[in-house]
Amino acid sequence: MSPSPKPSAPYALPEPLLDLLSQYLQQQVTPTIEIDPTQLAYRWVGGRNGHLEPLAVNLFLSLDDLLGIATQKSKLVQNTRQFLKGYPANHVLMTGTRGAGKSSLIRALLQTYHSEGLRIIEIARDDLLVLDKIRAAINKLPADCNCHYVVYCDDLAFSGQDESYRTLKSVLDGSLDSEQDKLLVYATSNRRHLLPQLMKDNVNIYNGQTDEVNPYETIDETVSLSDRFGLWLSFYPMNQQTYLQIVQHYLAIQKEHINSTNDATDIALKLDASMNDAELAAGIRADALRWASERGGRSGRVAYQFSRFWTGQAQLKAEDNKR
């Protein structure tokens, strides 16, 4: 007599539905975050269910290469050194004109202080929901780990309907465990208060045309996020003299790099002559000012881009003249 078939579970779900349910749960659950203290920098990729991706950071840029922002640089360096020594330090918000060196300061800090335990984790604004999990992973590092982590968020700003900023508020200063010795947030933004401030809000308050019982709380809400950053650094457009100094500095860096890595000595001599000959130097000055005019302003970024354009152009001309 053959055995009777095994009865199926009375509440078993269809196989396709189980697959869809498993896929949904995987999308909603953030994988375990593991941090290697020997890795200098990470970037969060993949959204809510993403991961920390190790970065190969180019450490050629030093703090001495950043000109025209001495005050901002000094304050940021002091805050970072306090952080690395285990002394009280602040979260930092860097705001102001584009291309003034805000992001470059972060890379230069890593170049200068990575040997003292500075580590960077870059995270996009849309991924701030995982910030709590990153903080928890940092908190689980061994007690004798001498690494201090800066969570870096570039171009941080929110719309009036975006609620993800509340997660950042909690991490900065709001939750019971928000104070940590091994994590700071450094953010850059072109908007000082991160959230939009609308003229109509003020007009409605003054004219009594708002439905809110306490309308001034709306204004308080728009500035509450930026207030969580203890250190504000403002960056301003630079004058012509500073811009030209930065151009000259970056051209010197490019020349030094070519002289040390390129066997085409005539190219190196071409660049060396252009840096010392008064007539050619005046031509470079005019080209640099024209370049800034076409870009709509003077900044360290524009100066760096011009130095790459001019150096590449000089190399190409020297190469063509060899033929």
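Only the coordinates and a few stated rules stand behind these numbers; no lab work does. It should be emphasised that the depicted structure is a prediction, and the values quoted were computed from it without experimental measurement.
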Subject >> Stokes-Einstein D (µm²/s) once Rh is taken as the Kirkwood radius of segment 50-137 over alpha-carbon pairs, at 37 °C in 0.692 mPa s >> reply: 225
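Evaluate the relative contact order of segment 7-140 (contact order divided by residue number), counting alpha-carbon pairs under 8 angstrom at least 6 apart; express in whole percent. Don't jump to the answer; show the numbers that get you there.
Details: 112 pairs, mean separation 42.1, N = 134.
So the answer I get is 31 percent.
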**OP:** Holding the Cα-Cα limit at 25 Å, pick out from Lys102/Lys140; Lys85/Lys140; Lys73/Lys140; Lys75/Lys140 the pairs that are longer than that.
**Re:** Lys102/Lys140; Lys73/Lys140; Lys75/Lys140
